[in-house]
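Here the structure is laid out as C-alpha cells; the discussion comes afterwards.
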Amino acid sequence: MPRRTVRAVLTLVMVAAAALVGTSAVAIAAPERAADGCFTWNRDLAEGASGDDVKQLQIRVSGYPASGEVIAVDGEFGPATKAAVSRFQQAYGLSASGTADAATYDKIYELQDDDCSPAHFDFGELNNCNSDWSGGAVSAAEAKSNALRTMWKLEAMRHALGDEPLRVTSGFRSKACNDQVGGAPSSRHLYGDAADLGSGPHSLCTLAKEARNRGFNGILGPGYPGHDDHTHVDHRSGKYWDAPDCGVTS
Ligand SMILES: [Zn+2]
C-alpha cells in the first residue's frame with residue numbers, strides 16, 4: 001500500500017473513531033427506542049405535535065375517545081388525542097400523562113403485529129369475501145386502511161370487555177359479495193370500515209353498548225331490521241345508532 005494511501009486510511013479510521021464517540025454521547029442523552037416491524041416512533045408526542053407519527057398514533061388510540069365521540073385521524077395532536085392517549089395509558093396500567101412516550105410505544109408494539117394489525121385481529125378476519133380489497137365503494141388501499149382503523153377500535157373494545165375474544169362474522173365486501181349476502185346497497189361493508197360481530201362470549205347488546213365508547217359512529221343491533229343475529233359497527237361520518245332492543249339509539 002503506498003504511504004499516502006496508508007495515511008488516508010489512518011485519517012479515515014480516526015474520523016470514524018471520533019464519530020463513534022460522538023454517537024455514543026448522543027445515545028446516552030436519548031435512550032434508544034425499540035424498533036418495530038410495523039412502525040417505529042422516534043419522539044415523544046404531546047399536544048401541539050403534528051405529523052405522520054401523530055396520525056399513526058391516532059389510529060392506535062382511536063378506540064379510546066370520549067363516549068360517543070370519534071378521534072380524528074388527521075395528524076394533529078389536539079385535546080381529544082391527548083385524552084385518548086390518557087385513556088389508552090390508563091387502560092393498560094401506564095401513567096396517564098396524555099403524552100405518548102417510550103412506555104406507551106412499548107405497549108403499542110406489544111399490541112401490534114408486523115402488518116400493523118392489532119394482536120387479536122387480522123386483515124383476513126375483516127375480509128371474508130374478497131382477498132384483494134378491490135371492488136368495493138372505495139379503492140382497495142382505502143378499504144384496507146379503513147379496516148385497520150376498525151380493528152384498532154375492536155381491539156380497544158375487546159380489552160374493555162375483559163380481553164375475551166370478539167367474533168367477527170363479516171367485514172369488507174366487494175359489491176358482488178355484498179349483493180350475494182343481501183347487504184344494503186349503501187352498506188359500510190363496501191368501504192371496509194364495518195364489522196359484524198356475533199354473540200359469545202358477549203351478548204349482542206353488550207357489544208352494541210360498548211361500541212358507543214369505542215369510536216363507532218354506526219351501530220346497528222337487535223331490534224333493527226335484519227340485525228337480531230349480529231351487532232354491526234362502522235365509522236360512517238355521521239352518527240347513526242339503532243339497536244332499540246338494547247336501548248342504544250342516537
Ligand atoms: Zn354489517
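Every read-out reported here was derived from the displayed coordinates using simple, explicitly stated rules and does not represent laboratory data. Nothing here was measured: the structure is a model prediction, and the numbers come from that model. In this analysis, Cβ positions are derived from the backbone assuming ideal geometry, glycine residues included, and neighbour counts consider all displayed protein chains.
Within the stretch 198-218, can one find any residue that is within 13 Å of the ligand (Cβ to nearest atom), free of Cβ contacts under 8 Å to residues at least 40 places away in the same chain and not small (G, A, S)?
The answer is no, given that none of the residues of the stretch 198-218 is within 13 Å of the ligand (Cβ to nearest atom), free of Cβ contacts under 8 Å to residues at least 40 places away in the same chain and not small (G, A, S).
Filtering the stretch 206-230 to residues that are under 20 Å from the mean Cα position of the chain (by Cα), surrounded by 21 or more Cβ atoms within 10 Å (Cβ to Cβ) and part of a strand (DSSP E or B) leaves only I219. Only a single item in (1) in contact (Cβ under 8 Å) with a residue 60 or more places away in the chain; (2) within 13 Å of the ligand (Cβ to nearest atom); (3) not polar (S, T, N, Q) is not met by M157, and it is number (2).
In this structure, D242 does satisfy being in contact (Cβ under 8 Å) with a residue 12 or more places away in the chain, touching a Gly at 6+ places or on another chain (Cβ under 8 Å) and acidic (D, E).
This table checks each residue for (1) assigned to a helix (DSSP H, G or I); (2) in contact (Cβ under 8 Å) with a residue 40 or more places away in the chain.
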{"site": "I59", "(1), (2)": "yes, yes"}
{"site": "S62", "(1), (2)": "no, yes"}
{"site": "D74", "(1), (2)": "no, no"}
{"site": "A83", "(1), (2)": "yes, no"}
{"site": "Q90", "(1), (2)": "yes, no"}
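Here is a yes/no grid of residues against (1) crowded, with 22+ Cβ neighbours inside 10 Å; (2) in a strand (DSSP E or B); (3) on the phi < 0 side of the Ramachandran plot:
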position: S145; (1), (2), (3): no, no, yes
position: P165; (1), (2), (3): no, no, yes
position: G182; (1), (2), (3): no, no, no
position: P185; (1), (2), (3): no, no, yes
position: D193; (1), (2), (3): yes, no, yes
position: H202; (1), (2), (3): yes, no, yes
